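The values are calculated or read from the model by the stated rules, or taken from the named source; none is laboratory data. Treat the numbers as computed from the prediction; the structure is a model and nothing was measured. When we count neighbours, we look across all protein chains shown, and the Cβ atoms used for this are built from the backbone with ideal geometry, even at glycine.
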Amino acid sequence: MKVKEIMSTDVEVAKVPGTVEEVFGLFKNGQHSGLPVIKEDTNKVVGIITRSDLLKNPQEDQIAMLMTRDPVVIDEEKTLTEAAKLILRHDIRRLPVVKNEELTGIISVADLVKVIPNMEVEGTVTEYANGHCTSSWINTPVPIIGEIMRLSNADSIPLLDDDCKVGGIISDTDLVKAFEIEESLEKSDMGAASDENEWTWDGVRDTMKFYYGVSKLKLPRVPVKEIMTDNVVTVYIGAEISDCAKKMARNKIEQIPILDEDENLIGLLRDRDLIKTYI
C-alpha cells in the first residue's frame, strides 16, 4: 500500500514569516499535534512545528524560531513500510508528503495505526511496549507536570491516585488546551546618538524609550486532575496487538496504559510502538 492511499490531503499549514498566535488556535482545539511550515507564497515545506515545540519554549512567538527546519519528508509514491521506518528512525510523529518537492498531504502515526487491524498481525502488547513509563500524582500542579514531561521527553503520562491506581492521563494536547496567554509590556531603550556617553545628560536625553506588547504562554497553577482525561482507556497485559490498535483508532488516542491483573500500572503502550509491526 502506498502513502498516497491513506495520507490526509486536507492539510492545515503554518507559514513563515508568522507568529505562534496565528497557529495557536489549531493546536488548542486538539485536532492538530503538528503542522507543516511552508514559505509564504510557495507550497514548499521548510519546516514543521508541533505542540511540543510550544511546551518546550512558551516564551517564543516566532514560528521560524520554534520550528524544526528541513524536516524529513516522504514522496507520495513510497510504501507504508518506508513511512513507518522513517518515523521510527527519526523519532517523529508525522511526515509531510510531497510530489516534486511540493506539499500534497501528511501521513501520521495515527494513519498507520488505523491500517494495522487489517494486517492480521499476531503478538501481544508486551512484545511491543518499550517498558519505559513516567507517571505522576493527580494532585501535582500543572506547571510541574509540564516540566516532568519536558525532562522525560514524554508526550503523555499516566496519573496515579492516592491508592496508586490509574486515575487519569495527561497529554501535551491537554497542556496546550490549558495554556493561558499572558499579555505584558516590555521596554526597550534606544540611543539616538551612538557617539554619546550613555551616562552623560546628553546621552540620557537622547535615549528613546520604546514599549511593545509581548504575548507569553503560561500553564495554570492548578492540580493536574482539573485538566486531565479521567475516563482512561486501558488494556491488560497479554492483550492482542490488533485489539490495541482498534482501541486507539476508535478512541482517537495516542497511548494506552497497561495494567496487570490487580489493576496496577505496569507500562504504557504508545501508538509509535504499534507501527513496529510494519517492519
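Any idea which residue in the stretch 118-148 is nearest to the chain's Cα centre (by Cα), counting only those that are part of a helix (DSSP H, G or I) and surrounded by 18 or more Cβ atoms within 10 Å (Cβ to Cβ)? Within the stretch 118-148, the match that is nearest to the chain's Cα centre (by Cα) is Gly146. Out of (1) within 18 Å of the chain's Cα centre (by Cα); (2) surrounded by fewer than 20 Cβ atoms within 10 Å (Cβ to Cβ); (3) under 25 Å from Tyr236 (Cβ atoms); (4) not acidic (Asp, Glu), what's the single condition that is false for Val113? Of everything listed in (1) within 18 Å of the chain's Cα centre (by Cα); (2) surrounded by fewer than 20 Cβ atoms within 10 Å (Cβ to Cβ); (3) under 25 Å from Tyr236 (Cβ atoms); (4) not acidic (Asp, Glu), Val113 misses just condition (2). For the stretch 86-110, a residue qualifies if it is more than 16 Å from the chain's Cα centre (by Cα) and at pLDDT 90 or above, and the qualifying residues are Leu86, Arg89, Val97, Val98, Lys99, Glu102, Leu103, Thr104, Gly105.
If the condition is being in a strand (DSSP E or B) and crowded, with 17+ Cβ neighbours inside 10 Å, then the stretch 149-182 contributes Ser156, Ile157, Pro158, Leu159, Leu160, Val166, Gly167, Gly168, Ile169, Ile170, Ser171. The number of residues in the stretch 17-44 that are surrounded by fewer than 17 Cβ atoms within 10 Å (Cβ to Cβ) and either over 19 Å from Thr173 (Cα atoms) or β-branched (Val, Ile, Thr) (or both) comes to 8. Each residue in the stretch 45-71 was checked for being loosely packed, with under 15 Cβ neighbours inside 10 Å and assigned to a loop (DSSP other than H, G, I, E, B), and 3 of them qualify.
If you go through the stretch 72-105 and keep only what is of a type in the set (D, E, K, R), surrounded by fewer than 13 Cβ atoms within 10 Å (Cβ to Cβ) and assigned to a loop (DSSP other than H, G, I, E, B), you end up with Glu77, Asp91, Glu101. Looking across the stretch 10-44, the residues that are within 13 Å of Val97 (Cα to Cα), part of a loop (DSSP other than H, G, I, E, B) and among the β-branched types (Val, Ile, Thr) come down to Val11, Val13.
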